[in-house]
Structure formats: C-alpha cells, structure tokens
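The structure appears below as structure tokens.
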Amino acid sequence: MRISVTGFLCVISGIFFAGIVCGCSPSVQIHIDENGSAAWSVHTQMSGVVENMIRGITSLPEDASLFDVNGIQDSLMLSGVSSVSVSAAGTSGIDISATFPSLQFTESLAPGLLSIKENEAAGSHVCSFSLSPEILGAILKRLPAETSEYIDLLMAPAVTGEQMSETEYVSLISAVYGSAAASELAGAVLSVEITVPANIISAEVSLPTAQTCVSEKTVTFTIPFCSFLSENEQIVFCIQY
C-alpha cells in the first residue's frame, strides 16, 4: 500500500499525518495572486524511524517508494488542479506543486481553508489560512480508506479534536511508537510560507508557540510540529497587505 490521494489538499493532509507526524520537518508554500488563484507546494522527507514504521505496517520492500507518484499526479489533474508537478525525493520523500485556479475552487475542496477579504476603508486586504479538526476532517474524507485508517492511528488532536497538551501527546507517541519517534517529533518543525500580491502590513498566527518572519510580500510561519499536532482548536494564519 502506497500513499495516494484524490486532491492536492488531501495530499497536504495525508503527508502531514501519514508521513511526518513522528519526526520530519515539512514545508508548505502558498503563493496567492491578485485574481485569487493560489499556487501550492509541499515538501517532506520522512525520517528513518517513520519510514521503517510505515514499511512495517504496509509490508513495502525497502526499494519501493512510500508515495504513489503517478496516482497522486493523476488524481490532481482529474480534480481540476492545474500546473501539476509531482516527484519522489528518494524512496521516502515527495515534492508536490499545483495551482488552484480560484478561491471558489479551494472553498469547494475544503470550506474555510483559505479566504481573502478586502478592507475598503483601510485600502488593504486580509488573507486567512485556517486549519482545524473540522477543516482537516473534511479533507480526510477524501482520502482512500486505508490511508484514513492509518491516520486515525496517529491520534493527533489536530484531527480528533481531543484536548491534550503537547507533553501528553509526545508521551502518547512514545508509548505507542517508541522513544525514538517521540524524540524526532519533539524536534520537528512545520514551516508555512505565504506570499501575497502586495507588501505585508502585518502577519500573525493564533498559535502562541509560532514564530513569524516577514520580508516584503512573503511571511514565513515556523511552528514546533508537536504544537501543531496537539492543537485541537482552529489555527488561523492572518496576513494583512
């Protein structure tokens, strides 16, 4: 069984929760144009601990890729996503890029994920990128049954909505998957980079442990990955430009 999905947002969620929960540092880049189209890219490289765990569950041979590159690319194209590029990074990593043609298209895949509102009085726009158990749940419904079942085993509060501290979640991962997996999770970082059409006036994220770095039209949010996975409330990335 290799990881395959039915849409780019599903790829993002599948990679997050089926691939990097135990120790990789994923990066997501979103480039938003004035017309509301959004170019997305995702990169992840699984650690040896995670790779061995998945191969043990799926019985994949060591030389086989964990990701079904052709299946992912085909599903993206069938979903109406344009400018699709999918490539394997060795046997345990993947690079994906694609363009969502409009905000309406994004909304149809995952309601509430991305929004842009104009503030006429201030002469600016506000872009919001949101993640919550409800939004992620909508994404997970598009996943193949076997992948969704595997994600359920990870027990991330960001998906289940269960209230749990970071310490409790890392302890849970240690109890289920071992101390090595828990240590890698504790050191993992999620990077979300968002580029908007004009210079950024302000940028913030609702998660207290996140760090924000703004450079002209681009903001990079850096979040300890265990903070993200253990958060059961909505996380909102907000950019005014």
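Given (1) in a strand (DSSP E or B); (2) surrounded by fewer than 20 Cβ atoms within 10 Å (Cβ to Cβ), identify the lone condition not met by N199. It fails just one condition, (1).
Confirm whether A89 is open to solvent by less than 50 Å² (accessible area, probe 1.4 Å), among the small types (G, A, S), out of contact with any Phe, Trp or Tyr (no Cβ under 8 Å at 6 or more places or on another chain) and without any contact (Cβ under 8 Å) to a residue 60 or more places away in the chain. Yes, satisfied. As a summary of the residue check, G161 satisfies the conditions (1) touching a helix residue (DSSP H, G or I) at 6+ places or on another chain (Cβ under 6 Å); (2) at negative phi except for the one numbered (2).
Return yes when E193 is open to solvent by 60 Å² or more (accessible area, probe 1.4 Å), among the acidic types (D, E) and either assigned to a strand (DSSP E or B) or in contact with a helix residue (DSSP H, G or I) (Cβ under 9 Å, 6 or more places away or on another chain) (or both) and no when it is not.
no
Filtering region 175-190 to residues that are closer than 13 Å to V50 by Cα and small (G, A, S) leaves G178, S179, A180, A181, A182, S183, A188. Of the residues contained in region 211-219, one or more are found to be open to solvent by less than 10 Å² (accessible area, probe 1.4 Å) and modelled with pLDDT of 90 or more. For region 74-86, the criterion of a residue being modelled with pLDDT of 75 or more, touching a strand residue (DSSP E or B) at 6+ places or on another chain (Cβ under 7 Å) and within 24 Å of I116 (Cβ to Cβ) is satisfied by at least one position. If you take the residues in region 177-190 that are outside any loop (DSSP other than H, G, I, E, B) and touching a Phe, Trp or Tyr at 6+ places or on another chain (Cβ under 8 Å), which one is surrounded by the most Cβ atoms within 10 Å (Cβ to Cβ)? So, considering only residues that are outside any loop (DSSP other than H, G, I, E, B) and touching a Phe, Trp or Tyr at 6+ places or on another chain (Cβ under 8 Å), the one surrounded by the most Cβ atoms within 10 Å (Cβ to Cβ) is L185. T6 meets all of the listed conditions (1) of a type in the set (V, I, T); (2) modelled with pLDDT of 70 or more; (3) open to solvent by 20 Å² or more (accessible area, probe 1.4 Å) but one, namely (2).
Within the set S47, S41, the sole residue that is at pLDDT 75 or above and open to solvent by less than 50 Å² (accessible area, probe 1.4 Å) turns out to be S41. Taking residues in region 156-176 that are outside any helix (DSSP H, G or I), and partners anywhere that are of a type in the set (S, T, Y) and at pLDDT 90 or above, the pairs with Cβ atoms closer than 6 Å and at least 6 places apart or on different chains are M164/S230.
Of all residues in region 225-239, those that are buried (at least 20 other Cβ atoms within 10 Å of the Cβ) and assigned to a strand (DSSP E or B) total 3. Listed by first and then second residue, the pairs with beta-carbon distance under 6 Å, at least 6 apart or on different chains, first residue in region 101-125 and at pLDDT below 80, second β-branched (V, I, T), are A110/I135; A110/I139.
The values are calculated or read from the model by the stated rules, or taken from the named source; none is laboratory data. Keep in mind it's a predicted model, so treat the numbers as computed, not measured. In this analysis, Cβ positions are derived from the backbone assuming ideal geometry, glycine residues included, and neighbour counts consider all displayed protein chains. All accessible areas refer to the heavy atoms of the entire protein, side chains included, with ligands and DNA or RNA removed. Shrake-Rupley method; radii C 1.70, N 1.55, O 1.52, S 1.80 Å.
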